[in-house]
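Trainee: First the structure, then my questions, so here it is.
The values are calculated or read from the model by the stated rules, or taken from the named source; none is laboratory data. In this text, all values refer to a predicted model and were calculated from it rather than measured experimentally. Heads up, the Cβs are rebuilt from the backbone with ideal geometry, glycines too, and the neighbour counts pull from every protein chain shown. Note: areas computed on protein heavy atoms with side chains; ligands, DNA, RNA excluded. Shrake-Rupley method; radii C 1.70, N 1.55, O 1.52, S 1.80 Å.
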Amino acid sequence: MQKPQDRFLYVIFLVSAGILAAMIGSALWNSQNGPNLTLNNRDTNAQNEAIVSSGSSEPIQNTPTGVFNYGGSTTWIPIHAGVSAMITNDFPDFELRYTLPANGLPSSSTGLKMLLGGELSFAESSRPLKLEEYDEAKQRGFDLEQVTIAIDGIAVAVNPGIKLPGLSVQQLQAIYAGQVNNWSELGGPDIPIKAYSKDPETSGTAEYFLKSLLDADAYGSNVEFVQETTSTLKRVIRDPGGIFYASAPEVVDQCSIYAMPIAPLSQPNNFIPAYQSSWRTGDDCLAESNTVNKAVFRDGSYPLTRQLFVVVKVDSDRDEAAGRAYSDILLAPDGQELVQQAGFVSVR
């Protein structure tokens, strides 16, 4: 059986050398994947054809002409393929170029830094703007506006050998504070816990997890910081005690890990899964992939939910026009359908 394509591709207007390098790296990841971590994703080309043929059901006004740079949170990557196809088909003169930072990896924080520095016309973020970012924008002579586009859930990935009905928010807090160091302390096997996280200084997801879930200023000394989601999911498979978290569409599609159900603070024994129905692995997962439990993200019963934003540079100029056009496209019916297809929850 042919292995599914890796969903972590930078596919939107791939014109920069950095994006090309990311594609090559992703291809290598597919070829080296082996039996340990099987990715189960949709056929991107078929999805794009369906989107292109549908056309835009609602006209977007005042779409600017030209080439515009954008970038930011990697949480947004599952949305990019469909958006690229739709914009190319419906707004051919509105050309977007995904732009990587000169140093480091793309993230909410680096994207916002590039926006403030004049390198981007608009940015994508998986966290709200900070007061200091608003202040810096004003010092530079413009404002920032965050436009909510989607609702996302964060899924907690563990090695499938961790046989637990779920984890409570309190237990997650203890793990990432370094207060619990063995799965046996939580009713699991006698295996040391190996906690992974991205750096909250650069990752919007990690910052949300730290501030909103852990309610702490820093992670425990037991936490190992990583840079990239795909390679860390592979580490969770190799490490019997591994635990990591990422945007639900990035985790739930996987066939060889386990997305641990999470219980809210108020109901520590009510474990709510980030996936629909029962968890499938191996050939069962390849035949019918796991899907995101959008209902619990929409109603807020899943405790790890957040909003995704397009950040617009309010300068009454071309950058603002580009950011507002991109937001309007994503908030139109076809755009919200793309949000849904990518595994997120629409807001309209």
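Trainee: Read through the list (1) in contact with a Gly (Cβ under 8 Å, 6 or more places away or on another chain); (2) within 23 Å of Ser247 (Cβ to Cβ); (3) of a type in the set (S, T, N, Q), then give the number of the only condition that Thr74 fails.
Mentor: Failed condition: (1).
Trainee: Provide a single number: the residues in the range 84-103 that are polar (S, T, N, Q), part of a loop (DSSP other than H, G, I, E, B) and under 19 Å from the mean Cα position of the chain (by Cα).
Mentor: Of all residues in the range 84-103, those polar (S, T, N, Q) come to 84, 88-89, 99, 103.
Cutting the leftovers down to part of a loop (DSSP other than H, G, I, E, B) gives us 99, 103.
After this cut, where a residue has to be under 19 Å from the mean Cα position of the chain (by Cα) as well, the list is 99.
Residues meeting the conditions: 1.
Trainee: Okay, moving on. Cβ-Cβ distance below 9 Å, separation of 6 or more or different chains: which pairs start in the range 163-190 with a residue that is without any contact (Cβ under 8 Å) to a residue 60 or more places away in the chain and end on one that is open to solvent by 60 Å² or more (accessible area, probe 1.4 Å) and hydroxyl-bearing (Ser, Thr, Tyr)?
Mentor: From residues that are without any contact (Cβ under 8 Å) to a residue 60 or more places away in the chain, the pairs are Gly178/Ser221.
Trainee: Now, a different point. Can you tell me which residues in the range 43-70 are on the phi > 0 side of the Ramachandran plot and modelled with pLDDT of 50 or more? I'd like the intermediate steps shown before the answer.
Mentor: Step one: filter the range 43-70 for residues on the phi > 0 side of the Ramachandran plot, giving 55, 62, 66.
Answer for the range 43-70, where residues must be on the phi > 0 side of the Ramachandran plot and modelled with pLDDT of 50 or more: Asn62, Gly66.
Trainee: Filter the helices (runs of 4 or more DSSP H) completely within the range 286-346 down to those with at least 3 residues that are at pLDDT below 95, open to solvent by less than 10 Å² (accessible area, probe 1.4 Å) and of a type in the set (Lys, Arg). Even if it seems obvious, please write down each step before you answer.
Mentor: Details: elements: 294-298, 318-331, 333-341.
By residue number, no helices (runs of 4 or more DSSP H) qualify.
Trainee: For the list (1) open to solvent by 40 Å² or more (accessible area, probe 1.4 Å); (2) within 18 Å of the chain's Cα centre (by Cα); (3) farther than 22 Å from Lys198 by Cβ, I need the number of the one condition that Asp283 fails.
Mentor: The single condition Asp283 does not satisfy is (2).
Trainee: Taking the range 110-125, which residues are surrounded by 21 or more Cβ atoms within 10 Å (Cβ to Cβ) and either more than 18 Å from the chain's Cα centre (by Cα) or among the polar types (S, T, N, Q) (or both)?
Mentor: Of the residues in the range 110-125, the ones surrounded by 21 or more Cβ atoms within 10 Å (Cβ to Cβ) are 110-112, 114-115, 120-125.
Result: Thr110, Met114, Leu115, Leu120, Ser121, Ser125.
Trainee: How many residues does the range 130-147 contain that are open to solvent by less than 40 Å² (accessible area, probe 1.4 Å) and touching a helix residue (DSSP H, G or I) at 6+ places or on another chain (Cβ under 7 Å)?
Mentor: From the range 130-147, those open to solvent by less than 40 Å² (accessible area, probe 1.4 Å) are 133, 137, 142, 144, 147; that's our starting set.
Right, trim to touching a helix residue (DSSP H, G or I) at 6+ places or on another chain (Cβ under 7 Å) and you get 133, 137, 144, 147.
Adding up the residues that qualify gives 4.
Trainee: Assigned to a loop (DSSP other than H, G, I, E, B) and modelled with pLDDT under 95: does that describe Pro106?
Mentor: Working: assigned to a loop (DSSP other than H, G, I, E, B): yes; modelled with pLDDT under 95: yes.
Yes, satisfied.
Trainee: Given the criteria assigned to a helix (DSSP H, G or I), under 23 Å from the mean Cα position of the chain (by Cα), aliphatic (A, V, I, L, M) and at pLDDT 95 or above, does Ile79 qualify?
Mentor: Details: assigned to a helix (DSSP H, G or I): yes; under 23 Å from the mean Cα position of the chain (by Cα): yes; aliphatic (A, V, I, L, M): yes; at pLDDT 95 or above: yes.
Yes; evaluated as a whole, the condition is true for this residue.
Trainee: Moving on to the next point. Can you tell me which residue among Ala150, Ala157, Ala177, Ala85 is among the hydrophobic types (A, V, I, L, M, F, W, C), surrounded by fewer than 20 Cβ atoms within 10 Å (Cβ to Cβ) and under 29 Å from Val292 (Cα atoms)? If you could, list the steps in order and put the result at the bottom.
Mentor: Working: Ala150 fails: surrounded by fewer than 20 Cβ atoms within 10 Å (Cβ to Cβ); Ala157 fails: surrounded by fewer than 20 Cβ atoms within 10 Å (Cβ to Cβ); Ala85 fails: surrounded by fewer than 20 Cβ atoms within 10 Å (Cβ to Cβ).
From the options Ala150, Ala157, Ala177, Ala85, the qualifying one is Ala177.
Trainee: Taking only the range 187-217 into account, find how many residues are within 25 Å of Gly111 (Cβ to Cβ), in contact with a Pro (Cβ under 8 Å, 6 or more places away or on another chain) and hydrophobic (A, V, I, L, M, F, W, C).
Mentor: Matching residues across the range 187-217 total 4.
Trainee: Then there's this: Looking at the range 125-156, which of its residues are in contact with a Leu (Cβ under 6 Å, 6 or more places away or on another chain), of a type in the set (A, V, I, L, M, F, W, C) and under 17 Å from Phe209 (Cβ atoms)?
Mentor: Within the range 125-156, Ile154 is the sole residue that qualifies.
Trainee: Between a residue in the range 226-244 that is on the phi > 0 side of the Ramachandran plot and any residue that is buried (at least 20 other Cβ atoms within 10 Å of the Cβ) and modelled with pLDDT under 95, which pairs come within a Cβ distance under 6 Å, given they are 6 or more apart or on different chains?
Mentor: Filtered contacts from the range 226-244: no entries.
Trainee: With respect to the numbered conditions (1) in contact (Cβ under 8 Å) with a residue 40 or more places away in the chain; (2) surrounded by fewer than 22 Cβ atoms within 10 Å (Cβ to Cβ), which one is the sole condition not fulfilled by Ala259?
Mentor: Going through (1) in contact (Cβ under 8 Å) with a residue 40 or more places away in the chain; (2) surrounded by fewer than 22 Cβ atoms within 10 Å (Cβ to Cβ) one by one, Ala259 breaks only (2).
Trainee: Tally the residues that are of a type in the set (S, T, N, Q) and either closer than 23 Å to Lys198 by Cβ or in contact with a helix residue (DSSP H, G or I) (Cβ under 8 Å, 6 or more places away or on another chain) (or both), restricting the search to the range 246-275.
Mentor: Residues of the range 246-275 that are of a type in the set (S, T, N, Q), as a first pass: 247, 254, 256, 266-267, 269-270.
Still in the running and either closer than 23 Å to Lys198 by Cβ or in contact with a helix residue (DSSP H, G or I) (Cβ under 8 Å, 6 or more places away or on another chain) (or both): 247, 254, 256.
Summing the residues that are of a type in the set (S, T, N, Q) and either closer than 23 Å to Lys198 by Cβ or in contact with a helix residue (DSSP H, G or I) (Cβ under 8 Å, 6 or more places away or on another chain) (or both) in the range 246-275 gives 3.
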